[in-house]
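Reading through the C-alpha cells given below for one structure.
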Amino acid sequence: MDMNEIKEIFFQECEEQLAELESGLLRLNDGDRDPETVNAVFRAVHSIKGGAGAFGLDDLVSFAHVFETTLDCVRSNKLEPNQDVLKVMLKSADVLADLVSASRDGGSVDAARSRQLIGELEALAKGEMPAASEAPVAKPAPAPTEVTPVTATPVSDEGFQPIPFSFDDFDDEEQPAAPYVPTCEVTFRPKRDLYAKGNEAALLLRDLSRLGEMSIHCDMERLPLLQDMNPEEAYFSWTISISTEKGEDGVRSVFEFAEWDCDLEVRTIEDEGETAAGDDDELPMQPVPFDLSILEDGADDAATAPEEPAVSTATDAAAASNVLQLASARADLAKEEPRAAATQQTANQAAASASSGAAAPTIRVDLDRVDRLINLVGELVINQAMLSQSVVENDNAGVSSINMGLEELQQLTREIQDSVMAIRAQPVKPVFQRMSRIVREIADVTGKSVRLITEGENTEVDKTVIDKLAEPLTHMIRNAVDHGLETPEKRVAAGKNPEGTVRLTAKHRSGRIVIELADDGGGINREKVRQKAIDNDLIAADANLSDEEVDNLIFHAGFSTADKISDISGRGVGMDVVKRSIQALGGRISISSKPGQGSVFTMSLPLTLAVLDGMVVTVAGQTLVVPLTAIVETLQPEASAIHSFGASQRLISIRDSFCPLVDVGRILNFRSARANPVEGVALLVESEGGGQRALMVDAIQGQRQVVIKSLEANYTHVPGIAAATILGDGRVALILDVDAVVAASRGQSLKQEVSLAAAG
C-alpha cells in the first residue's frame, strides 16, 4: 500500500469523523448533555488532527487543535455548551470540513473566516484552561523515571515512610493515620485492533488518570525506523503506577471495552512487596519503606539501634522481608476469596460487553467493483429467465426434474440479487447531515432563525440514488428557508414561534423511498405565482387553474417570485432543476401547501436503479412492463361495470366506487381506435397526486423481476416510458412510466410533461 492509498483512507475516515462531529454537535444543540456525546465530538476532531499531522497538513492541524482545545473545556465542564457556544462550534465544524476538502482536492478555504473562528474559539477557551495546550495524559509524579513497587508517599517525622498495607491486619489498636489508598501497577500493551475499532490509548490513559495520582512510563523500544513503520500497527506500551480508592476493579473498568484488544495486566503493588523486599540485589537504594515502631516485638530494639545513614543494608532488608511477609500473609488470607470473586465478575462483565458492544466488522470496497458485480448479477437474472422460458417452451409436461432445478435456480438467483443490492444500500444520513450546514448558511444570510429536524436518517436506499439526491435537496432547502419561512418579526406578528422549522423526513412506502420536506412558513402565495406566470407568458390571463396546477408552475425553467436577484435566489434556477433531477431518477415530486401554515414537498423515488419487480403485459402487440409497486390489483372488466362519462371518458365501477379507465394503447399512440375494455384486463394503479386509475391492457403475460436498462443512455427519451429491459426470450420490453400515463389521462399532454423534464 503506497502513501497515496493511505492518504485516501485517511480522507475517507475524515468523512465519517465529520459526520460524527456534526451529528454530536446537533444533539448537543438539541439539549443532549450526555458525556459520551461530548466525548464522541472531541474524539472526532482529535482523530482528524492526528491523521492530518501525519501527512503534514498544517492548516488543518492548526485549526483542529484550537477546536479540540475548546471542546476539551466542554469535556471538563469548564465551558457550558449553550446556544451561542454551539453556534460557533457548528460554524467551526463547517470550516473543518472545508479544510479537509481543500486538503483532499487542492482547493482553498476562506482564510478570513478561518482566522475569525480561531479567534472566537480561543475566546471561548480563554480563562477556562491554558491557551493552545493539550490536556496532559496524566499528572507526572515527582518520583523517579522508573516505576518501582514502592508507593511514593510523604516521609514521616522519624525519617521513615508508613508500611503500604492496612493496619487492620494486626491486633493492635488502630493508629491515627491517613486513609489507606491501594496502589496498582498496570501494564498496558495495545494491539492494532484497538485502534482499528476507534479506541485511542491516550483517551484511555486520560480516563485512568482521573482515578487518582499516577506516574507513567512509555516503552518505545518496539518503535521501528520511519521507513519500516506500519501506520496500522501498535508499537507503544505503557507501565503505570496509580494510587486510587477504586482499587483493581476500578482500574479494569477503564479498559472494560478495550480489554480484548490489548494485553492488560493489573496488580496491587502490596501483593508483590515480599518479592521486591526479599531480593537483596533488587532493593532500591532508598530508606526502608516501613516504620518498625508499630511492632510490639522489636520496638525496643528499633529504639536502641545506633543511628545510621538512611541507606539499605542486608539486615534492614531481612527485617523488611519479615515484616512484609507477616503483613501480606494475613492480608492474602483475608482477600484471596473476595479477589477471586471480583476477578471472575470483571471477566464476566468484559465478556458480556465484548459480546454486546462489539461493532460488526466492515470492509471498504471500491464502488466500481460493486457496480461490476451488479451488472453481472443483472446478466445472471436475464440468462436465468431465458433458460426458464426455453425449458418451458420445450417441455409440455412441465414436471421434469429440469423444471424443479430451474425453480431452485430462480430462488437462488433472487437471493443473490437481493444480497448484492443490499451491498449498495446506504442510509440517507450523510445527505441529510449535509443539509444542516446549508440551513445554517442560508439562515445567517437571510437573518432568519431556522431549526432543521430530520427523521428517518437510517432509511436505506441505493447509493446511486443517494449520490443524486444532494443537488435537488439543496435547492429545495434554499427555497424553503428563503421563500417559505417568514422573518422572525412577521412570524411573531402572525402568532408563530420566531424560530422557523424545516422538517426533512425519509421513509419506505410501497417499495419506494419517500422524502418529504416540510416548512411551517407562509405557504405558496398563489396569487403572486399566477401573476408571475402571466407576466412570463406561461399561462393566459383568463386561464382557469386549480391550486395544484398553480403550485406546479414553480417548476418551470426561469420561474422565480423573488422581487430582486440575490446570492440565494431570483434567477429562476432551482425548482426546475429539482424536477429534472427527480424525474431522471425515475421519481416524481408533488406539492401540498396551505396559506399561512406552510408547504410540503414530497419526492417519491425508486429504492434502486438496477432491478425491479414488474408485471409483463401486452398492449396493441407491444410488450410492456408495469412496475409492480404501482399496481393495487388486477381485474377482468364486465360490460355492466363500464360507464361512459362525457364525450370520450369511461369509468369502471369497482366495489361501489368509480375509477377512470385509461387506454394505455391510445395514450402511447400504439393504436388510434379505442379498445374494448371487456376484451382486455384492467390494472388498478395508484400514483403520487393522481389518485387511482384503471389502466387497460390486452393481456398479462406474467410477473417477473427485470433488469433496468437506461433508455436515454442507449437511445433517447421516449414519452411515457421510464426505461427498458431484456426479457427471457431476448426481446426488448419497455417499462411503463405510470405517473406520466396517469397525468396524460387527466388532460395533460404527454409530450408537454416530458418536455418540461427535458427543458434547460
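The values are calculated or read from the model by the stated rules, or taken from the named source; none is laboratory data. All values reported here derive from a predicted model rather than from experimental measurement. Quick reminder, even Gly has a Cβ in these numbers, built from the backbone with ideal geometry, and neighbours come from all protein chains shown.
So which residues in the stretch 584-629 are out of contact with any Leu (no Cβ under 9 Å at 6 or more places or on another chain), closer than 18 Å to Val514 by Cβ and not in a strand (DSSP E or B), if there are any at all?
Ala584, Leu607, Thr608
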- Among the residues listed as Ser243, Ser237, the single one being more than 11 Å from Leu211 (Cα to Cα), more than 31 Å from the chain's Cα centre (by Cα) and of a type outside the set (Phe, Trp, Tyr): Ser237
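Table: residues versus (1) in a loop (DSSP other than H, G, I, E, B); (2) within 36 Å of the chain's Cα centre (by Cα); (3) modelled with pLDDT under 80.
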residue	(1), (2), (3)
Glu146	yes, no, yes
Pro149	yes, no, yes
Glu185	no, no, no
Arg189	no, yes, no
Gly198	yes, yes, yes
Asp207	no, yes, no
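Residue-wise test of (1) touching a His at 6+ places or on another chain (Cβ under 7 Å); (2) modelled with pLDDT of 85 or more; (3) surrounded by fewer than 12 Cβ atoms within 10 Å (Cβ to Cβ).
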{"position": "Met386", "(1), (2), (3)": "no, no, no"}
{"position": "Asp395", "(1), (2), (3)": "no, no, no"}
{"position": "Ser401", "(1), (2), (3)": "no, no, yes"}
{"position": "Met404", "(1), (2), (3)": "no, no, yes"}
{"position": "Gln410", "(1), (2), (3)": "no, no, no"}
{"position": "Gly456", "(1), (2), (3)": "no, yes, no"}
- Message: Of all residues being hydrophobic (A, V, I, L, M, F, W, C), modelled with pLDDT of 80 or more and under 19 Å from Asp462 (Cα atoms) in the stretch 601-629, which is surrounded by the fewest Cβ atoms within 10 Å (Cβ to Cβ)? Just the residue, please.
- Response: Leu628
- Note on the structure: Given the conditions (1) free of Cβ contacts under 8 Å to residues at least 12 places away in the same chain; (2) farther than 30 Å from Arg372 by Cβ; (3) not acidic (Asp, Glu), every one holds for Leu452 apart from (1)
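Within the stretch 35-42, is there a residue that is among the β-branched types (Val, Ile, Thr) and farther than 15 Å from Val88 by Cα?
Yes, some residue in the stretch 35-42 is among the β-branched types (Val, Ile, Thr) and farther than 15 Å from Val88 by Cα.
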- What about Ser581, is it at pLDDT 85 or above, among the polar types (S, T, N, Q), crowded, with 17+ Cβ neighbours inside 10 Å and touching a helix residue (DSSP H, G or I) at 6+ places or on another chain (Cβ under 9 Å)? no
- Does Arg509 satisfy the condition of being of a type in the set (Lys, Arg), under 20 Å from the mean Cα position of the chain (by Cα), under 28 Å from Thr629 (Cα atoms) and surrounded by fewer than 18 Cβ atoms within 10 Å (Cβ to Cβ)? no
- Message: Condition first: farther than 17 Å from Gln692 by Cα and surrounded by 13 or more Cβ atoms within 10 Å (Cβ to Cβ). Now tell me which residues in the stretch 630-671 satisfy that.
- Response: Gly665, Arg666, Leu668, Phe670, Arg671
- Query: Listed residues Gln531, Gln597; which is at pLDDT 80 or above, within 34 Å of the chain's Cα centre (by Cα), outside the structural domain of His717 (by TED's automatic domain parsing) and surrounded by fewer than 16 Cβ atoms within 10 Å (Cβ to Cβ)?
  - Reply: Gln597
- Item | Listing of helices (runs of 4 or more DSSP H) fully contained in the stretch 1-97 that carry 3 or more residues being among the aliphatic types (A, V, I, L, M) and surrounded by fewer than 21 Cβ atoms within 10 Å (Cβ to Cβ) | 3-29
- Note on the structure: Of the residues in the stretch 48-70, those that are more than 22 Å from Glu120 (Cα to Cα) and small (Gly, Ala, Ser) come to Gly50, Gly51, Ala52, Gly53, Ala54, Gly56
- Message: Checking the conditions here, which among Ala744, Ala713, Ala694 is modelled with pLDDT of 85 or more and either among the acidic types (Asp, Glu) or not assigned by TED's automatic domain parsing to the domain that holds Glu548 (or both)?
- Response: Ala694
- Note on the structure: Reported set for the stretch 655-669 where residues are touching a helix residue (DSSP H, G or I) at 6+ places or on another chain (Cβ under 8 Å) and of a type outside the set (A, V, I, L, M) is Pro660
- Task: Identify the residue in the stretch 537-552 that is without any contact (Cβ under 8 Å) to a residue 12 or more places away in the chain and hydrophobic (A, V, I, L, M, F, W, C) and, among all such residues, is farthest from Ile589 (Cα to Cα).
- Result: Ala541
- Determine if the stretch 461-483 includes at least one residue that is touching a residue at least 40 places away in the same chain (Cβ under 8 Å), part of a strand (DSSP E or B), of a type in the set (D, E, K, R) and closer than 16 Å to Lys429 by Cβ. yes
